[in-house]
Structures are given as structure tokens and as C-alpha cells.
Amino acid sequence: MRKSLLSLAVISAFATPSLSFAADAAPASPHTVTYNVGLYSQYIFRGLTQTNEDIALQGGVDYAHASGFYAGAWASNVSWLTDPLPPTAAYTSSSLELDLYGGYASTIGDTGLGYNVGALQYIYPGSKVAGAKSAETTEVYGSLSYKWLAAKLSVVVSNGVFGFRNGDGTWYAEANANYPILDTGVTANLHLGRQEFKGQGTNVFDYTDWKIGATKSWINGVNLGAYYSDTNAKDAGYLVAATNKNIGDSAFTVFIQKTF
């Protein structure tokens with residue numbers, strides 16, 4: 001049947017003068033949807049392990065419009081909400097982080113300077129300890145980029161910030177460099193960040209983090225990478241009592257990711 005239909009189509013094309021030999025190309029859609037899934041040796045967020053050095057499965061979906069507007073969702077398993085950080089664990093059960101975000105990205109004229117503004121909501125489903133503050137947090141952010149350099153500032157606008165009360169105004173500033181190495185498909189990744197918590201009455205939760213690594217990308221959307229990260233996070237704020245380990249200690253992470 002497949003061969004007969006193909007033959008009929010070819011005969012019809014030659015027998016009908018009004019038909020073009022090649023159809024006009026369809027206009028490009030202004031809508032783009034992409035998906036990603038990745039397996040990581042651990043989940044590091046702003047220098048802090050979120051899975052107590054255990055494996056993390058992560059994935060997301062992104063929508064972008066040609067006008068510059070975008071929206072997306074991303075999720076990962078976590079353990080930090082049930083790990084007993086000082087003074088106690090905040091949740092009796094919680095193993096998921098869900099991020100919802102949206103914004104606008106564009107460039108400034110012909111300068112090559114890009115900008116990106118948006119909002120992000122962190123959601124942590126689960127059962128809280130009685131009286132504990134919800135870890136759900138809302139941030140707004142803005143970034144500037146030029147070629148392989150980028151700088152970003154994220155500011156908390158919700159009252160609570162990752163389980164702390166009265167944290168609005170907490171901010172995280174970061175600088176990133178993702179430098180492509182010739183035509184190898186390898187990108188060198190550098191990162192420096194600073195976290196400042198507000199409303200806590202102490203700087204015990206403030207810290208600086210940094211990261212160095214590399215990512216190898218293939219045209220089929222597969223990315224393989226590794227990086228080393230470290231922070232100066234204080235034990236008084238980030239020591240896990242059960243393991244006597246600081247979640248901001250130096251760490252080596254490897255991952256494989258697929259985008260499609």
C-alpha cells in the first residue's frame with residue numbers, strides 16, 4: 001500500500017500543471033517547546049547539596065515565544081528539608097522541589113548585550129513539622145549577558161525564604177562564564193556567587209560559593225559534564241546533625257543530560 005500511494009503521488013505531480021514541484025516552505029512557528037532530563041551524582045544549588053550527596057533525577061519543560069516571552073517548569077528530588085539542619089528538620093516528609101518560572105529575554109539593539117527578567121516560584125510539597133515555616137519561596141531576577149559572560153541578581157519577594165521567616169529582601173548575586181573551547185563541543189564553566197539572608201538577625205547563613213567545571217555537548221542534545229564546587233558556609237548554619245557534615249563543603253559532581 002505504501003509503494004502504491006507513493007507512485008500515485010509522483011504521477012499526480014507530473015500530470016497536474018497547477019502543482020508546484022516543491023511546496024512552499026511553511027512559515028516558522030513563533031512557538032518553541034523543549035524538554036530536558038538529567039541524572040546527577042548529586043543536586044548542588046548555589047553551592048549547597050540538596051540531596052545529602054545522593055543521586056538526583058531532574059527534568060523540565062520550557063516554552064519560548066519569538067517575541068521573547070518564556071515560561072517553564074523544572075523538578076528534582078531533594079532531601080534537605082528532612083535532614084536535621086539547625087535547629088531541627090523542617091518537614092516530616094518532603095522529597096521534591098518544583099520550580100515554576102516565566103519572564104522576558106531579548107537583546108539591546110545591535111550591541112550583542114542580552115538581558116533577561118522574570119520571576120521564579122520554588123514549591124516543596126510535603127508535610128511540615130508543626131509550627132515550621134513553609135520552604136516555598138518567590139524570587140524575581142534580572143540578568144545581563146555578553147557573549148560567554150553573564151551576571152544575575154535574584155531577590156526574594158516572599159515573606160518566607162527557604163523555611164526562614166521575614167526573609168524578603170534576601171538576595172543572591174552571581175557571575176558566570178561559559179567559554180567554548182574551539183570547535184571541540186567542550187565548554188569551560190566558571191561560577192562565583194554570593195548569598196545574603198535578610199531578617200535573620202545574624203550573618204551565620206550568609207556565604208560565598210564558587211564552581212569550576214566543563215561540559216561536552218553533542219548535536220543530538222546530549223550533554224556530559226563535571227564540576228567542582230565549594231563554599232565558605234558556616235557550620236553554625238549548614239551542618240547536618242545526623243552526618244556531622246556541612247552541606248556547603250567542597251563537592252565533585254558529574255552528570256549526563258538530554259535536551260530534546
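The table for this structure:
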{"item": "Filter pass, L190 being without any contact (Cβ under 8 Å) to a residue 24 or more places away in the chain and in a strand (DSSP E or B)", "result": "yes"}
{"item": "Number of the exception - A119 against (1) within 20 Å of L192 (Cβ to Cβ); (2) within 18 Å of the chain's Cα centre (by Cα)", "result": "(1)"}
{"item": "Among (1) surrounded by 15 or more Cβ atoms within 10 Å (Cβ to Cβ); (2) under 29 Å from K133 (Cα atoms); (3) not polar (S, T, N, Q), the one test that H191 misses", "result": "(2)"}
{"item": "First in region 211-230 and surrounded by fewer than 17 Cβ atoms within 10 Å (Cβ to Cβ) and of a type in the set (D, E), second anywhere and modelled with pLDDT of 95 or more and outside any loop (DSSP other than H, G, I, E, B), Cβ under 9 Å, 6 or more apart", "result": "D230/D209; D230/W210; D230/K211; D230/A251"}
{"item": "Of all residues making up region 124-139, the number that are of a type in the set (S, T, N, Q) and in a loop (DSSP other than H, G, I, E, B)", "result": "1"}
{"item": "Residue in region 140-155 that is part of a loop (DSSP other than H, G, I, E, B), within 23 Å of Y35 (Cα to Cα) and more than 18 Å from the chain's Cα centre (by Cα) present", "result": "no"}
{"item": "Conditions (1) more than 24 Å from S79 (Cβ to Cβ); (2) assigned to a loop (DSSP other than H, G, I, E, B); number of the one not met by T243", "result": "(1)"}
{"item": "Members of region 214-260 that are small (G, A, S) and over 20 Å from the mean Cα position of the chain (by Cα)", "result": "A233, A236, G237, A241, A242, S250"}
{"item": "Candidate set from region 171-197 (those that are modelled with pLDDT under 95 and among the hydrophobic types (A, V, I, L, M, F, W, C)); member that is nearest to the chain's Cα centre (by Cα)", "result": "F197"}
{"item": "So G169, is it under 28 Å from L224 (Cβ atoms), in contact with a Lys or Arg (Cβ under 8 Å, 6 or more places away or on another chain), without any contact (Cβ under 8 Å) to a residue 40 or more places away in the chain and exposed (fewer than 15 other Cβ atoms within 10 Å of the Cβ)", "result": "no"}
{"item": "Long-range neighbours under 9 Å by Cβ, at least six apart or interchain, first residue more than 13 Å from Y146 (Cβ to Cβ) and at pLDDT 95 or above within region 105-128, second surrounded by fewer than 12 Cβ atoms within 10 Å (Cβ to Cβ) and of a type outside the set (V, I, T)", "result": "S106/S67"}
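The values are calculated or read from the model by the stated rules, or taken from the named source; none is laboratory data. Source: prediction; values computed, not measured. Virtual Cβ from ideal backbone geometry, glycine too; neighbours counted across all protein chains shown.
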